[in-house]
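**Q** Please find one structure pasted underneath; my questions will follow.
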Amino acid sequence: MCDIIHFFRTYCLLLKLDKYNKDFTNMCLAIPGRILSLDDSIPELKMAKVDFSGIVKNICVQWVDVSIGDYVLAHAGMAISVVNAEEAEETLKDLKQLTIDC
Amino acid sequence: MKYIDEYRDKEQVQSLVRAIRQVVTRPWHIMEICGGQTHAIARYRLEEMLPEEVKLLHGPGCPVCVTPVGIIDRAIGLAKRPDVILASFGDMMRVPGSREDLLQVKANGADIRMLYSPLDAVSLAAGHPDKKVIFFAIGFETTAPVHMMALKEAVRRKLENFYLLTSLFTVPPAIEAILSDPESRVDGFLTAGHVCAITGNEAYHLLAKKYKTPMVVTGFEPADLLLGIYRCLLQLEAGIYKVENAYKRAVPEEGNPAARALMDETLELCDQEWRGIGVIPQSGLQLKEIFARQDASHFLPVPEAVSNAEDESAYQVRPDKKPSSMGRGRCIAGDIMRGTKQTKDCPFFGTLCTPDHPVGAPMVSSEGVCAAYYRYK
């Protein structure tokens, strides 16, 4: 009987873990999101509501200088850099040039 | 999804592959050291698109995989205490310690919580003043400052019950260890874009020059990865070796000074054991003495089990799963991470060692090289 309970508990945990792993919030992948609003009420812990293609999360923006509408890369709850729109354009231009050349 | 979809564009990917085929004239080995890149390369099957001459190697870029067995045993020991809530990233739950993993320990009643962010552990500590809340703080330079942010926030809120059990690694010493190995086959490196978003590129300039090896800061989407590989190949074919940034939209040359200042304030370099590789001097980060009170490693003595990476038993096939015909087995994760072997060289890959019953850490973590190859093969 104890074995069955133990097995059931492990199975439920594995299901939960599987769901967690499928969640976009994979530990190792920082992904870009758009700043919806800012909250400076705690100066040591500046926060923002960030939209990741429809999923909104609270992200700490203490290390970046951002305004509403900017895109940040968020990792494990922190914004680690601001996506540089000009550089993004430059890279896309380079890639398009490659499409023409090859 | 802005800033993602554009870099998954099929035409871009195909033109990059064509460009790579045009530039390659001889065999090259390119290594990445980043769990996220390992995973993306396997997921998008990028290696299959590349010409045969280009071999991708997967270095020790997954902190889940390289966390030493002894520290996992320590985390397990702490989690079993009734006055402790252990919080961890989900990836760590099924990594085998010397006898069991955190998931089994949780199934047996230990209070272990899976969290997305170390900052959530601070709220947990505030909500459970009667418990010691310990966050299993693993990571490279991208994640280390996030753990430190949680630490500072706990201090700011005067929480006496918040602790960190750290297992923190830095990338440049691993690159140095790999390149200084006489058996190394690595010709060029893709550096982890998000690590560089924090650290900046300075350390890599020194390495590129010292070992005459090109290093290209690379992102994670298919076009980003192929662009990084392409730029690395251009350098290799031309015989040049410098640091190039192929992920400029996310990585400024100077990285993130605020995050680094926080790391300087709270952490110091230390010798660090890497599971599967051994001790690499000055390759880890530990809490400074002033934060000794929040350092959970002081709670328990080093477990007797396995604190030595050379101990064969840490990598043996688990006795209950040992087939009589195979004899003593050994996980070759270390050889794979150093680039001297590949997953296809492993006798257990896909048979005795699968994500359901893993032998070593790289088959457990979703960012581990073996799990990535298994899932997408």
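**Q** What is the percent carbon and sulfur in the accessible area of chain B, measuring with a 1.4 Å probe over the protein chains and ignoring ligands? Spell out each step's value before the answer.
**A** Values: 7180 of 14410 Å².
After summing per-atom areas, the C and S share lands at 50 percent.
**Q** Just how much of residue A:57 is accessible, in Å², when a 1.4 Å probe is used and the result is rounded to the nearest 10?
**A** Rounded to the nearest 10, the figure is 60 Å².
**Q** If you place +1 on the Cβ of every Lys and Arg and -1 on the Cβ of every Asp and Glu, how big does the dipole about the Cα centre of region A:28-101 come out, in debye to the nearest 20?
**A** On the way: 6 positive and 12 negative charges, 70 e Å.
Dipole of region A:28-101, to the nearest 20 debye: 340 debye.
**Q** Out of every Cα pair in region B:53-121, what percent are spaced more than 17 Å from each other? Spell out each step's value before the answer.
**A** Details: 1082 of 2346 pairs.
Here the tail beyond 17 Å accounts for 46 percent of pairs.
**Q** Using only Cα atoms and rounding to the nearest 10 degrees, what angle (0 to 90) does helix B:118-127 make with the longest principal axis of chain B?
**A** In chain B, helix B:118-127 runs at an angle near 10 degrees to the longest axis.
**Q** Turning to a different aspect of this structure: May I ask for the longest run of chain B untouched by GluC sites (Glu not before Pro) that are loop-located per DSSP and have at most 13 neighbouring C-beta atoms (other than their own) within 10 Å?
**A** Numbers: sites that count: B:52, B:160, B:183, B:253, B:254, B:304, B:310.
Value returned for the longest uninterrupted segment is B:53-159.
**Q** Within a Cβ distance under 12 Å of residue B:263, other residues only, what is the Lys/Arg minus Asp/Glu net charge?
**A** Numbers: positive: B:152, B:260, B:288; negative: B:141, B:264, B:265, B:268.
Once all neighbours under 12 Å are counted, the net charge is -1.
**Q** Helix B:222-238 versus the longest principal axis of chain B: what angle, 0 to 90°, nearest 10, using Cα atoms?
**A** Result, in degrees: 60.
**Q** Could you work out the pair-distance distribution P(r) of chain B from its alpha-carbon pairs, with 20 angstrom bin width and percents rounded to whole numbers?
**A** With a bin width of 20 Å, the distribution comes to 29, 57, 14, 0.
**Q** Another one. Roughly what % of Cα-Cα distances in the protein assembly as shown sit above 38 Å, to the whole percent? Could you put the intermediate results ahead of the total?
**A** Working: 24962 of 114481 pairs.
More than 38 Å apart: 22 percent of the Cα pairs in the protein assembly as shown.
**Q** Given an 8 Å cut-off on Cα distances and at least 6 residues of separation, report the relative contact order of region B:40-171 as a percent. Don't skip to the end; give the middle numbers.
**A** On the way: 185 pairs, mean separation 31.4, N = 132.
Relative contact order of region B:40-171: 24 percent.
**Q** Let me ask something else about it. Would you be so kind as to identify which of B:194, B:178, B:161 lies farthest towards the positive end of the dipole of region B:117-248, taking Lys and Arg as +1 and Asp and Glu as -1 on Cβ and the Cα centre as origin?
**A** The one lying farthest along the dipole's positive direction is B:161.
**Q** Calculate, for residue B:377 and residue A:94, the FRET efficiency according to 1/(1 + (r/R0)^6) with r their C-beta to C-beta distance and R0 35 Å; round to the nearest 0.05. Provide the component values of the computation, followed by the final result.
**A** Values: r = 32 Å, r/R0 = 0.92.
It comes to 0.60.
**Q** So if I place +1 on the C-beta of Lys and Arg and -1 on the C-beta of Asp and Glu, and nothing else carries charge, what would the dipole magnitude of chain B be about its Cα centre? I want it in debye, nearest 20.
**A** Working: 44 positive and 47 negative charges, 114 e Å.
Here chain B has a charge dipole of around 540 debye.
**Q** Also, quick follow-up: Can you tally the net charge around residue B:221? Count Lys and Arg as +1, Asp and Glu as -1, for every other residue whose Cβ sits under 10 Å from the Cβ of residue B:221. Walk me through the numbers on the way to the answer.
**A** Numbers: positive: B:8; negative: B:5, B:6, B:9, B:224.
Computed value for this residue: -3.
**Q** Could you give the dipole magnitude of the protein assembly as shown about its Cα centre, charging the beta-carbon of Lys and Arg +1 and that of Asp and Glu -1, in debye to the nearest 20? All intermediate terms of the calculation are to be shown ahead of the outcome.
**A** On the way: 54 positive and 62 negative charges, 224 e Å.
Charge dipole of the protein assembly as shown: 1080 debye, to the nearest 20.
**Q** Over chain B, with a Gaussian network built from C-alpha contacts below 10 Å, which listed residue (B:219, B:109, B:77) shows the highest mean-square fluctuation?
**A** B:109
**Q** Still on this structure: Which of the pairs A:96/B:212; B:55/B:341; A:57/B:2; A:46/B:131; A:49/B:2; B:80/B:131 have their Cα atoms more than 22 Å apart in this structure? Mind dumping the intermediate values first?
**A** On the way: A:96/B:212 31 Å; B:55/B:341 12 Å; A:57/B:2 17 Å; A:46/B:131 27 Å; A:49/B:2 17 Å; B:80/B:131 13 Å.
With Cα atoms farther than 22 Å apart: A:96/B:212; A:46/B:131.
**Q** Between residue B:14 and residue B:116, how high is the FRET efficiency from 1/(1 + (r/R0)^6) when r is the Cβ-Cβ distance and R₀ = 56 Å? Nearest 0.05. Show your work: numbers first, answer last.
**A** Details: r = 35 Å, r/R0 = 0.63.
That pair, residue B:14 with residue B:116, gives E of 0.95.
**Q** A further question follows. Quick check: the angle from helix B:257-266's long axis to the longest principal axis of chain B, C-alpha only, nearest 10 degrees?
**A** Result, in degrees: 40.
**Q** Ok, one more. Restricting attention to the alpha-carbon atoms of region A:28-101, what are Rg (one decimal) and Dmax (integer), both in Å?
**A** Here Rg and the maximum Cα pair distance are 14.4, 52 Å.
**Q** Nearest 500 deg cm²/dmol is fine: what mean residue ellipticity at 222 nm does chain B get from its DSSP H runs of n ≥ 4 alone, each adding -39,500 (n - 2.57), divided by its residue count?
**A** Numbers: 15 runs with 138 residues, N = 377.
When only DSSP H runs of four or more count, the value is -10500 deg cm²/dmol.
**Q** Please work out the average accessible area per residue across chain B, using the 1.4 Å probe convention, and give it in Å². Provide the component values of the computation, followed by the final result.
**A** Working: 14410 Å² over 377 residues.
So chain B comes to 38 Å² accessible per residue, rounded to a whole number.
**Q** So, in nm, how far is label residue B:48 from label residue B:83 when the simple model puts each one 7 Å beyond its Cα toward the Cβ?
**A** Label at residue B:48, label at residue B:83, 5.5 nm between them.
**Q** With unit charges on the beta carbons (Lys and Arg positive, Asp and Glu negative) and the dipole taken about the Cα centre of region B:76-194, which residue among B:143, B:93, B:77 sits farthest to the positive side?
**A** The residue sitting most towards the positive pole is B:77.
**Q** Using only protein heavy atoms and a 1.4 Å probe, how much accessible area in total is buried between A and B, to the nearest 100 Å²? Don't jump to the answer; show the numbers that get you there.
**A** Values: alone 8240 and 16700 Å², together 20240 Å².
Rounded to the nearest hundred, the buried surface is 4700 Å².
The values are calculated or read from the model by the stated rules, or taken from the named source; none is laboratory data. These numbers come from a predicted model, not from an experiment. Positions of Cβ are backbone-derived with ideal geometry, glycine not excepted, and every protein chain shown enters the neighbour counts. Ligands, DNA and RNA are stripped out before the accessible areas are found, and what is left, the full protein with its side chains, is counted by its heavy atoms. Shrake-Rupley method; radii C 1.70, N 1.55, O 1.52, S 1.80 Å.
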